Each structure stands twice: as structure tokens, then as C-alpha cells.
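As C-alpha cells, the structure follows; a few thoughts come after it.
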Amino acid sequence: MASFTNRIKDEITKLETSRVESSSELCAYIDTIKTLKDGSMLLYIENASVARRMFNLLKRLYKINIKLTIRTQKRFNVKTMYILEIHDKIEEILEDVKLTKKQILDYSDEEKASYIKGVFLACGSINDPSKSKYHLELLLTEEADANLVHRILKSLSFSAKILKRDKGYMVYIKASEEISDFIKMLGAINSLFYYEDIRIYRDHKNMVNRLNNCEQANVEKSMRTCNEQLSNIAYLKEHDLLTLLDEKTLIVIEYREKYPETTMSELADIISMETEVRITKSGINHHFRKIKELVEKHKNIKNQT
């Protein structure tokens, strides 16, 4: 089963692009993975769709003959390698690559997006949102190339970061919204729909979990408050202090003992419905503050004697 990254790459390699955009994409790709050897330029490619794309772009833009070699490696896992070998117009191609890199920041947003597309096809990956955390990365060998990609992304309103790795420099994005915008910029619409469906589901699930956690926290807080109130009431009874309280506070005490697990808002509604005393949540809170103050005052007097 194809990875999410390969699904994106397969999709964007089928897109039609203008000659200028194709040139930016091809130059970025060649600059990222090219190998120069004995007067030849070699492109080692693992994805068949990407190999076909680069083969066609080279044919279209430079009208050259390209030798295609396919190798199958069977060490542990079967892996196919597509090798494009170029002998013609290498200097012209490399000059175009150099010029594009030098001027890319002055190009249009469409050409910048095509350049990033070429880099992504060469060394990019995006985690499957259904299996792991949101993560997009472009792994480049040279620091200068990583800095250039970072500047291009910044000019396109992406807040990417750079991290030094053992094998080079990783330009990465972790914000789910920005990864979504990145996939859209690449033109991988089907992959974007899949990504957004998963993202919406995960965000909804996270929201439900947060609400449940908040509700549980509120229940626990309410229970602690109720237990404290009942403890203060028990103290007043033990020390014959209820006579110091007014009639309304005594009613609140009576109903708290009658309904020990209700919230103060619920308790206010019950008292208002079952008696002629109209009281609000803030009124309930006021009476329990009086009770607490009386308990603390009595404890302080006891401690002094």
C-alpha cells in the first residue's frame, strides 16, 4: 500500500504545468538529487511516477536522449530504483539550475511553488495524518539549500523551521493548517481532501476529549466544594453554633444536607422551587462564605485559649 507521501507525489506528477513552471520544478529537482560522474549526470529515483515526470520534463525542455536503467534491489525489502542517465546539454542544464536558484526569490509565487514542488518530489515527506502527528519535512544535504528553501517558504507565508540532522538539514512544518495549505499549493487536491477529512475528525475528537476533561474537572471541583461545605456544617453543629446564623442561612444548610451532591446553581433552583425563599447561585455562595468565616473565627478563638 502506497504511503501518504507517495500518494501526493503520484498525484502531483500528473498535473499539467506551464513551461516556466516546469523549468522551476525540474531545476529544483535536479539540484537536489543530481550526481555528476565521468561527464554524465545521473538521477537516482525510487518513485516510478516521479521518474516518469522528470524523464518527460527533460525531453520537453531540452530535447535530449536519456538512458533509463531500472534496478531491483532485494536486500530485506524489494526496492526498485530508476536511474536517468544524461550525456547531452549537461552544461546548459546546470547553468539553468544555477540561474534559477539565484533568481527564484524574485520569481512569481507560481514559479516559487513549482520550485518547492521539485524539492518535495526529490526529498520531501508528509506523515499520514491518520497514523501519526502532523509533520512535513524536506531533507536537504547542504545548509545553503535549506536556507534557500526556508526563505522561499517564508515568502509564500509558511512558517517553516530548520533543524540540523545527521544526514543534512531538515526544513519542516508541524502546524496542521500550514501542511494543508502546502498540499493545496502542490495541487494534490485528492490528497488534500483525505488530509482534511482526517484533520477534521481528529480535531473534533480532541475537542470532545477536552470538553469531557473540563466536565470531569468541574464535577471534581464541585464535589470538593460540597465536601468542604458539609464539613463546615458538621463543625457548626458539633460546637452548637447554628443559633448564630440567620434563618435564610439555616435554610441553605438544611438543603445542602438534603442534597449533598448538587452544584450551588442546582441548589439555588431547588430552594427557590420548594420554599418561598428566592435565592441565586451567588446568594448560595454568599451564605457559605458566612458559614466558612464563622467556622474559621471559632477555630482561631479556640487556638488562642
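Would you mind stating whether Ser108 is free of Cβ contacts under 8 Å to residues at least 40 places away in the same chain, surrounded by fewer than 14 Cβ atoms within 10 Å (Cβ to Cβ) and at positive phi?
For Ser108, the condition - free of Cβ contacts under 8 Å to residues at least 40 places away in the same chain, surrounded by fewer than 14 Cβ atoms within 10 Å (Cβ to Cβ) and at positive phi - is not met.
Please enumerate the residues belonging to the stretch 48-70 that are of a type outside the set (Val, Ile, Thr), within 14 Å of Val119 (Cα to Cα) and touching a Ser or Thr at 6+ places or on another chain (Cβ under 8 Å).
Arg53
So which pairs qualify, if the first residue must be in the stretch 284-305 and in contact (Cβ under 8 Å) with a residue 60 or more places away in the chain and within 19 Å of Ser222 (Cα to Cα), the second must be among the aliphatic types (A, V, I, L, M) and in a helix (DSSP H, G or I), the Cβ gap must be under 9 Å, and the two must be at least 6 apart or on different chains?
Ile291/Ile233; Ile291/Leu236; Ile291/Val252; Ile291/Ile253
Just to verify a result, which residue in the stretch 76-97, among those that are within 16 Å of Tyr29 (Cβ to Cβ) and of a type in the set (Val, Ile, Thr), is nearest to the chain's Cα centre (by Cα)?
Once the filter is applied, the top-ranked residue is Val97.
For Arg165, indicate whether it is outside the structural domain of Thr17 (by TED's automatic domain parsing) and in contact (Cβ under 8 Å) with a residue 24 or more places away in the chain.
Taking the combined requirement at face value, the residue does not satisfy it.
In the stretch 88-132, what count of residues is obtained for those that are more than 28 Å from Asn6 (Cβ to Cβ) and either of a type in the set (S, T, N, Q) or touching a strand residue (DSSP E or B) at 6+ places or on another chain (Cβ under 9 Å) (or both)?
Residues flagged as more than 28 Å from Asn6 (Cβ to Cβ) and either of a type in the set (S, T, N, Q) or touching a strand residue (DSSP E or B) at 6+ places or on another chain (Cβ under 9 Å) (or both) within the stretch 88-132 amount to 5.
Which pairs do you get when a residue that is under 12 Å from Leu94 (Cβ atoms) and in the same structural domain as Glu91 (by TED's automatic domain parsing), found in the stretch 22-40, comes within reach of a residue that is acidic (Asp, Glu) and surrounded by fewer than 24 Cβ atoms within 10 Å (Cβ to Cβ), reach meaning Cβ atoms under 8 angstrom, with the pair 6+ apart or on two chains?
Cys27/Asp96; Asp31/Asp145
When you go through Lys59, Lys14, Lys9 one by one, which is the residue that is exposed (fewer than 13 other Cβ atoms within 10 Å of the Cβ), under 32 Å from the mean Cα position of the chain (by Cα) and not in a strand (DSSP E or B)?
Residue meeting the stated conditions: Lys14.
Report the residue count in the stretch 168-188 for those that are β-branched (Val, Ile, Thr), part of a helix (DSSP H, G or I) and free of Cβ contacts under 8 Å to residues at least 60 places away in the same chain.
1
From the residues in the stretch 209-242 that are outside any helix (DSSP H, G or I) and touching a residue at least 24 places away in the same chain (Cβ under 8 Å), which one is surrounded by the fewest Cβ atoms within 10 Å (Cβ to Cβ)?
His239
Could you check the stretch 260-279 and list, in sequence order, the residues that are assigned to a helix (DSSP H, G or I), of a type outside the set (A, V, I, L, M) and within 25 Å of Arg224 (Cβ to Cβ)?
Scanning the stretch 260-279 gives Ser265, Glu266, Asp269, Ser272.
The rows are residues; the columns are (1) polar (S, T, N, Q); (2) modelled with pLDDT of 90 or more; (3) exposed (fewer than 11 other Cβ atoms within 10 Å of the Cβ).
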{"residue": "Met264", "(1), (2), (3)": "no, no, no"}
{"residue": "Thr275", "(1), (2), (3)": "yes, no, no"}
{"residue": "Thr280", "(1), (2), (3)": "yes, yes, no"}
{"residue": "His287", "(1), (2), (3)": "no, yes, no"}
{"residue": "Lys290", "(1), (2), (3)": "no, yes, no"}
{"residue": "Ile301", "(1), (2), (3)": "no, no, yes"}
{"residue": "Gln304", "(1), (2), (3)": "yes, no, yes"}
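Scan the stretch 62-83 for residues that are free of Cβ contacts under 8 Å to residues at least 12 places away in the same chain and assigned to a strand (DSSP E or B) and report the count.
2
Do you know which of the residues in the stretch 111-133 that are of a type in the set (Ser, Thr, Tyr) and surrounded by fewer than 20 Cβ atoms within 10 Å (Cβ to Cβ) is modelled with the highest pLDDT?
Per the criteria, the residue is Ser125.
The values are calculated or read from the model by the stated rules, or taken from the named source; none is laboratory data. Bear in mind that the values here come from a model prediction, so they are computed numbers and not experimental data. As a convention, Cβ positions derive from the backbone with ideal geometry for all residues, glycine included, and neighbour counts pool all protein chains shown.
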